[in-house]
Amino acid sequence: MASFGRASVRSKEREAIEFSDESWAIKDAKAMYLVDRWGGGYFEVNDRGDMTVQPLMGRGGKIVIREVVEAARLKGLGCPLLIRFQDMLHHRVRALNEAFSAAISRKRFKGVYRGVFPIKVNQLREVVEEIVNAGRPFHYGLEVGSKPEMFAALSLHTDNDSLIICNGYKDDRYIRAALLGRKLGKTVMLVTEKLSEVQAIVTIAKEVGIEPMIGVRLRLSSKGAGKWSESSGGGAKFGLSTEELLQATAILRDAGMSSALRLLHFHIGSQVPDILIIKRAIREATRYYAKLRKMGHPIEYLDVGGGLAIDYDGSRTTSNSSMNYSVREYARDIVSNVADVCDEENVPHPNLISESGRAVVAHHSVLVVEALNTVEKPGKAPVNFPVGEHKLLRELREVGEMVEQRELTESWHDLVQIREEAQKMFELGLLDLELKAKTESLFWEAAQRIMRLASQLNVNDLPEEMIELRRELADQYICNFSVFQSLLDHWALGAMFPVLPIHRLDERPTARARLADITCDSDGKISKYIHQDDEDDTLPLHPVNTRPYYLGVFLTGAYQDIMGDLHNLFGRVNEVHVFLDNDEPCGYYLEVVIPGSSIAEVLGMVQYDTREMLARVKAQVDAAIKQDRIKPSDGMKLLEDYEKGLKDQTYLYNE
């Protein structure tokens, strides 16, 4: 008997939820999909089995997600549908700032907190504007890492008491744009990534006639963990070594700009799951700050970069998709460790900056997709073939009938042996199609029976063969979306997202499935799902016996909007922005409705001219009419349908 590894162990509690004969309850659905763990107080299941969201937690009402989908349909927007709960951005910004405020007060810290939102995490204007508005009471600013982001920030930033942090490699145009912000009275920090940038900033600042505000990015010895750990440590892409740091201070001193050095910055990677890693990096960076202060440099700010994680899988561990700390603990540990090192070194406490992007925006958006149909294994229901006398069919039938009286693994091994024998006979031309179809059907019928019995064992040491059998028996649910457009991090990096039905959660899910998208690519699927024992390769779902059947992919607000590609030319999905409003009968309204990309729009992105395309098709229609292959009226109808089709959206639509 093979034992499970951590990723395969099925706890007795979970098996009881999935396979017991007791009545199904909402609490079972929440336990199965771990809603109470990854939901963070925002997402819940109501008594009717619908997923709900409470964007402001206790300060506002609840929204039934399925009702938002139906409201969008009335406005002509079907699935896939991206729903943004904009009030949640306000709540996330406030929660982060209040956590630092409480930590500063508790520690009697002498500096202030001035957080910034890194635009790269979600550059969409409506998202950034909402965050700017939410952050105004806290002087919450923006972080940019490229010229386009720099120009966007200059236009959106209106609070001169908040910061614009300029990271990334810089050319002269980038530097001049930042100094334009300084001329306008903005607190713009040019963080240098290499020594040559220090000299360039000095030269251009003298030309422009304004003293810059300069930061230096440190290349710490401390290293992050998880998928993005290589962005930190000695081999990091960005940052100055200790020797280069001293050379930078010498350049500024020789230029008479020592007072321009105002900030130290470091970054140990995105989605840092372990608080101990953050603590070590904080203490190391604060030592740099203290030593430079003692050398006479009037540094005011310590920027701890990003890394504040999201608990995607609900495990509350140091796995790549989780975190073993809270936002409050994160803030307390930063404030406390900075204060302790500064007090030891007898230097002033700095003002603190964090660049938390994922933690601000991940929760606010939900991707809703519709399961269109399923691809099932044969044998889901018994098929009554006229069995005949063929040896293979007789053996398969005997194995299926004797399952209850034998070891399950023995029955499975016999089934596999018979299937392999049937395949060899077919390849040799000794088995016709009818017999092959009968062997396949009887094989899967017996396999289903074995799996049902294995599932009822309710033990932790099921043989590995049974796990493999469950994978083989899983259905594929074909869903109307593209992984490459909407969940690129899952395809490229194996990132985990909570996935579950947004309705029918008052019904027991009886199917095991994998979700496949509508691209013509075998990688177009969601291959891993969150599970209380780490992860699973199948998802419990309901049969698609009534349409529509909606599934939600949660916590998609960070990076997915921007990083999606045009594989198969599936463009952006439909989108709605939802705001709470007590004056509305339903308690909310759809402020912004954004249709997804049309076929003409995505073709234009890859250099197709739709007018030229129409002209080419018309020429072909005209030629077909002249050759009497089609009637003129049919030709005109064909051309009309082609032109109309260019205006359709890229995803499937059933009228």
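We did not get these values from a lab; they are worked out from the coordinates using the rules stated. All values derive from a computational prediction rather than experimental measurement. Neighbour counts are summed over all protein chains in view; Cβ atoms, including those assigned to glycine, are modelled from backbone coordinates with ideal geometry.
Things worth noting here:
- With Cα atoms, 0 to 90° folded angle of helix 610-626 axis to the chain main axis: 30
- Counted by Cβ distance under 15 Å from ALA623, the other residues give a net charge of +2, where Lys and Arg count +1 and Asp and Glu count -1.
- Between the helical axis of 195-208 and the longest alpha-carbon principal axis of the chain there is an angle of about 60 degrees.
- Taking a straight Cα-Cα cut-off under 24 Å and skipping sequence neighbours fewer than 8 places away in the same chain, the lysines within cross-link reach of LYS528 are LYS12, LYS27, LYS30, LYS227, LYS377, LYS380.
- Computed over the range 391-470: relative contact order in percent, which uses C-alpha pairs under 8 Å that are six or more apart: 41
- Reachable lysines, given that their alpha-carbon falls under 20 Å from the alpha-carbon of LYS194 and they are not under 8 places away in the same chain: LYS147, LYS170, LYS206, LYS223, LYS237
- Here the relative contact order of the range 86-356, from alpha carbon pairs under 8 Å that lie six or more residues apart, stands at 19 percent.
- Note on the chain: helix-only mean residue ellipticity at 222 nm, from DSSP H runs of 4+ residues weighted -39500 (n - 2.57) and normalised by residue number, equals -13000 deg cm²/dmol.
- Sorting MET32, MET605, MET425 by the number of Cβ atoms found within 10 Å of their own Cβ, with the fewest placed first, yields MET605, MET425, MET32.
- Going by neighbour counts of Cβ atoms within 10 Å, the residues THR187, THR610, THR510 line up, fewest first, as THR510, THR610, THR187.
- For the chain, the longest principal axis of the Cα atoms and the long axis of helix 391-401 meet at an angle of about 70 degrees.
- The value of relative contact order for the chain, using C-alpha pairs under 8 Å at least six residues apart, is 17 percent.
- Ranked CYS586, CYS520, criterion: other C-beta atoms within 10 Å, fewest first: CYS520, CYS586
- The range 41-58 - phi-based ³J(HN,Hα) in whole Hz, Karplus 6.51/-1.76/1.60, Gly and Pro as x: x, 8, 10, 8, 10, 7, 5, 8, x, 9, 6, 10, 10, 10, x, 9, 6, x
- For the range 94-162 versus the range 601-646, the inter-centroid distance based on Cα atoms is 51 Å.
- Computing Rg and Dmax of the Cα atoms in Å directly from the structure and comparing it against [x] 30.4, 105; [y] 29.8, 98; [z] 24.5, 77 singles out [y].
- Using a Förster distance of 56 Å, the FRET efficiency for ASP523-SER241 (Cβ separation, nearest 0.05): 0.90
- Proximal charge balance of ASN122 [Cβ under 14 Å; K/R count +1, D/E count -1]: -3
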